[in-house]
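Visitor: Input: one structure, supplied below.
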């Protein structure tokens with residue numbers, strides 16, 4: 001059961017790293033181009049960055065909720081892990097295409 005929760009924490013941390021890099025690129029692009037699309041990407045990335053930061057806080061730093069997540073039935077940890085890994089895949093694809 002702990003394996004699924006560890007994968008969730010790792011994917012969330014990796015999401016934070018990728019989103020931090022994306023937001024950095026999008027801030028630079030927005031300051032240079034001033035297009036609404038770039039601003040939209042920046043706002044999107046900022047919301048996801050905050051969401052993943054809060055999730056990592058809940059999963060790692062808050063003792064009550066981190067213990068609770070570790071103790072819930074395995075199927076719920078698998079579901080949370082699946083959603084987090086899918087989000088990581090989406091952010092990874094966005095990072096890959098942004099680098100092109």
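Visitor: Test residue 18 against the criterion of being assigned to a helix (DSSP H, G or I) and touching a helix residue (DSSP H, G or I) at 6+ places or on another chain (Cβ under 7 Å), and give yes or no.
Guide: Considered against the rule, which asks whether it is assigned to a helix (DSSP H, G or I) and touching a helix residue (DSSP H, G or I) at 6+ places or on another chain (Cβ under 7 Å), residue 18 comes out as yes.
Visitor: Let me ask another. Please work out if residue 69 is over 15 Å from residue 88 (Cα atoms) and within 10 Å of the chain's Cα centre (by Cα).
Guide: no
Conditions (1) over 14 Å from the mean Cα position of the chain (by Cα); (2) surrounded by 12 or more Cβ atoms within 10 Å (Cβ to Cβ), marked per residue:
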{"position": "22", "(1), (2)": "no, yes"}
{"position": "30", "(1), (2)": "yes, yes"}
{"position": "46", "(1), (2)": "no, yes"}
{"position": "49", "(1), (2)": "no, yes"}
{"position": "55", "(1), (2)": "no, yes"}
{"position": "63", "(1), (2)": "yes, no"}
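Visitor: On the given criteria, is residue 93 surrounded by fewer than 12 Cβ atoms within 10 Å (Cβ to Cβ) and modelled with pLDDT of 95 or more?
Guide: Here the answer is yes, as residue 93 does meet what is asked.
Visitor: Still on this model: Do we have any residue at all in region 35-47 that's touching a residue at least 40 places away in the same chain (Cβ under 8 Å), closer than 23 Å to residue 95 by Cβ, assigned to a helix (DSSP H, G or I) and in contact with a helix residue (DSSP H, G or I) (Cβ under 6 Å, 6 or more places away or on another chain)?
Guide: no
The values are calculated or read from the model by the stated rules, or taken from the named source; none is laboratory data. Small disclaimer: the values here were computed from a predicted structure and weren't measured. Every residue, glycine as well, gets a Cβ built from its backbone with ideal geometry; the counts of neighbours run over all protein chains shown.
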